[in-house]
1. Considering only segment 98-124, how many residues are open to solvent by less than 10 Å² (accessible area, probe 1.4 Å) and part of a strand (DSSP E or B)?
2. Within segment 172-188, count every residue that is more than 21 Å from F123 (Cα to Cα) and at pLDDT below 95.
3. In a helix (DSSP H, G or I), in contact (Cβ under 8 Å) with a residue 12 or more places away in the chain, open to solvent by less than 40 Å² (accessible area, probe 1.4 Å) and not polar (S, T, N, Q): does that describe V36?
4. Please go through segment 138-163 and pick out each residue that is more than 10 Å from ligand 3 (Cβ to nearest atom) and more than 17 Å from V9 (Cα to Cα).
5. Select from segment 50-71 the residues that are hydrophobic (A, V, I, L, M, F, W, C), within 23 Å of S22 (Cβ to Cβ) and open to solvent by 20 Å² or more (accessible area, probe 1.4 Å) and list them in ascending order.
6. Restricting to segment 132-188, what's the tally of residues that are free of Cβ contacts under 8 Å to residues at least 12 places away in the same chain and open to solvent by 80 Å² or more (accessible area, probe 1.4 Å)?
7. Checking the conditions here, which among T54, T28, T47 is among the β-branched types (V, I, T) and not in a loop (DSSP other than H, G, I, E, B)?
8. Within segment 1-17, how many residues turn out to be open to solvent by 50 Å² or more (accessible area, probe 1.4 Å) and away from ligand 3 (no atom under 16 Å from the Cβ)?
Amino acid sequence: MAGKLTVVVGPMYSGKTSTLLSMVEIYTLGRKNIKVFKPLIDNRYSTDHVVSHTGQKVLAVNVKSSAEVTRAVEAESGRLDAVFIDEVNFFDPQLLEVVQQIIFDGIDVFCVGLDMSYKHRPFAITASLMAIADEVVKKKAVCHVCGEYNATVTHRTSNHIDSEIDVGGMDKYIAVCRDCYKKLNPNK
Ligand SMILES: Nc1ncnc2c1ncn2[C@@H]1O[C@H](COP(=O)(O)OP(=O)(O)O)[C@@H](O)[C@H]1O
Ligand SMILES: Cc1cn([C@H]2C[C@H](O)[C@@H](COP(=O)(O)O)O2)c(=O)[nH]c1=O
Ligand SMILES: [Zn+2]
């Protein structure tokens, strides 16, 4: 039987990584064989763990590219039940084919990542994964400005760099609702 693809998206602080950690716990309690991956660029809290903003963590394989995910999964020779991938927004476009192959090989895949950059633009790899997913979960955060539980966007508070990729936390980013995002970005 083919595996199932679940994609969990949302702004920063919306509980994406916490959701991944809960699913890891469920699979682990069920004595399933799993592997967790994270991209090399994400060195914010740890290089060899996926860590949530609340400090909860799980051991993870740090990969430079999606090809390394394939190699690590193949090395398990069919023993895996599920694969978890954090921060898919940082991965190369080939992650789509890699994930597709893993689910066709009968392994469940959980992908977690930002759907949009601070520019309110989709991260292409997350959008492609959402398109082929069996289930998409869109999470919300509490708006840092108005305090409502309706934040769907991330606002970058520092403007020292224009690149859409810039690893960071509260020092650089807040979660906001669309109304507050518009007030903070009047050109939108
Ligand atoms: N504005 C916010 N809205 C919701 N949770 C927040 C906010 N700021 C900080 N947090 C904390 O972040 C936690 C979620 O962290 P995490 O699962 O790592 O989120 P994500 O992976 O989506 O960035 C929440 O449980 C809460 O403790
Ligand atoms: C919005 C946005 C975020 N990032 C970076 C900042 C963090 O390192 C991660 C997101 O982490 P989280 O687990 O969702 O909290 O992505 C970025 O590089 N570009 C952006 O536009
Ligand atoms: Zn708001």
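1. The number of residues fulfilling the criteria is 4.
2. 1
3. It is false that V36 is in a helix (DSSP H, G or I), in contact (Cβ under 8 Å) with a residue 12 or more places away in the chain, open to solvent by less than 40 Å² (accessible area, probe 1.4 Å) and not polar (S, T, N, Q).
4. Those that are more than 10 Å from ligand 3 (Cβ to nearest atom) and more than 17 Å from V9 (Cα to Cα): R156, T157, S158, N159, H160, I161, D162, S163.
5. V51, V58, L59, V61
6. 8
7. T28
8. Adding up the residues that qualify gives 3.
The values are calculated or read from the model by the stated rules, or taken from the named source; none is laboratory data. Fair warning: this is a prediction, and the values are worked out from it, not measured in the lab. Here Cβ is always computed from backbone atoms with ideal geometry, including for glycine, and neighbour counts include all displayed protein chains. Only protein heavy atoms, including side chains, enter the accessible area calculation; ligands, DNA and RNA are left aside. Shrake-Rupley method; radii C 1.70, N 1.55, O 1.52, S 1.80 Å.
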